[in-house]
Amino acid sequence: SNEVTAMLAQNSSPDPQPGVEGQPLITLYSATFSGTKYTVQKDGNPATYASNGAGGVRSPEILQNQYASPLCYKLGTTPTCTAVFNLNISGSVTAQFKLNAVLASTGLQFSYVSQQYTLSGSSVSVAFPTELNGTVLPARIDNTNFKETWLVSYDGGNSYTQIANTSNTMFAVAGTPSGGSLTSMRINRVTSDCRTLSAPADVVNAIWMNTIGPLTYNYRNMQKPIWANLDPSGTGLCYDIITLMDNAIKMTGLTSPGTFVYCYPSVNMTSFAVSALNAEDFRSCKIGDNGHTAKTSGSHALFGPNELLFSVDKTGQGTNILEACYLFNRTLYPGGEGSTTTYPYTTEGIQRVVKTITSQTEWHYLFDNSDITNPIYTNCITPGPYPEAVWGP
């Protein structure tokens, strides 16, 4: 009869003995993730890019009904975990646990099955060390959700009952993030900018366009830490901006693939790029040299024997010795004025970088060094052998 069939089916898949009436027999308490995982720092208070964080993310990464912390894994690897379940069972029963997880961005499914456990007492720790089908995170940078479904079977895996649903933010990166403290704000920013990318050239371009290129800066203030340039009040020198770009690339887990170069005007009407600072052109402004005939305040140097070749910013904010750029694949990525144009690493390309930020080029001397940390440079009214070069766009 139908009643007999139902009884046989029930006996072939016995439920555990009931516990306290009205309470679930098994509930998820916590989950701790492992594998090639990187610890994301909690954001500071207030949460800003400038903040270096407030310590590690809570561990375990899931505490049921309280929080689910973000996960950061190396692409091409498999997340693993250990979960703790609270028990409400009288006596003991044999059970097997299963974890199904879905990567929201791609629909990729992960499935883990535990060994058999004899359940008794108030809780059990269950290891999910290996994904059943060898599934790994895709070989691309990602910023998505990792949606977990927790299940239990009392009949050797023939059928499962759902225990809980949880979800963690999943950041997938190319390798160990560096370039500063790994906070959730910073890793969220760079993985959002580079989501779906894997080729270093694509990552460099995306970081430049989304973190550097479209932004316009006031060059008069130095930001420490460099990440402060991404905050609403962030301002910085071109060197700071390129350093931010370099840090953001490193935060994606790439070993920084590029280098810094500095483009500056030179006296022979070309422009040069150098890999170190302090390679600018100077000339003597002693009396008798380069057309200097008097040592008069307001005309030439009162403090020092030399003057420096400066560019005059198009922003109208004063003088500029050089333009910092990020060099990758023979391409220059400028750090000034929020330019969205890259330039080839050629003599012509370097000249174009200088012209982009420059209205003209002049000799300048140090007019007042009473505060050497904030020197005042004034243009020399004696061009000497070097005429002003008006380098319009």
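The values are calculated or read from the model by the stated rules, or taken from the named source; none is laboratory data. Please read these numbers as outputs of a predicted model, since none were measured by experiment. Counting neighbours? That spans all protein chains shown, and the Cβs are built from the backbone with ideal geometry, glycine included. With ligands, DNA and RNA removed, areas are computed over all heavy atoms of the protein, side chains included. Shrake-Rupley method; radii C 1.70, N 1.55, O 1.52, S 1.80 Å.
A few comments on the model shown:
- Net length gained if the chain between residue 111 and residue 259 were fully extended (0.36 nm per residue, minus Cα distance): 49.0 nm
- C-alpha center-to-center spacing [the stretch 242-268, the stretch 110-128] in angstrom: 49 Å
- Inter-probe distance in nm under a simple model that places probes 7 Å from Cα toward Cβ, at residue 192 and residue 77: 2.5 nm
- Separation of the residue 167 and residue 118 label points, Cα + 7 Å toward Cβ, nm: 4.0 nm
- Net charge of neighbours whose Cβ lies under 13 Å from the Cβ of residue 40, counting Lys and Arg as +1 and Asp and Glu as -1: +3
- Calculated over the stretch 48-120: convex hull of Cα atoms, volume per residue (Å³): 154 Å³
- Positive minus negative residues near residue 253 (Lys, Arg vs Asp, Glu; Cβ under 12 Å): +2
- For residue 45 and residue 348, the FRET efficiency from 1/(1 + (r/R0)^6), where r spans their Cβ atoms and R0 equals 51 Å, is about 0.55.
- Accessible surface of the stretch 129-175 [probe 1.4 Å, protein heavy atoms]: carbon and sulfur percent: 44 percent
- Model label points for residue 59 and residue 127, set 7 angstrom from Cα along the Cα-to-Cβ axis, are 1.7 nm apart.
- Centroid-to-centroid separation of the stretch 184-214 and the stretch 41-80 [C-alpha atoms, Å]: 20 Å
- Estimated from the Cβ-Cβ distance and a Förster radius of 45 angstrom, the FRET efficiency linking residue 135 and residue 275 is about 0.55.
- Looking at the stretch 115-175, the accessible area is 43 square angstrom per residue; that uses a 1.4 Å probe and ignores ligands, DNA and RNA.
- Calculated FRET efficiency for the pair residue 90/residue 199, C-beta based, R₀ 56 Å, to 0.05: 0.45
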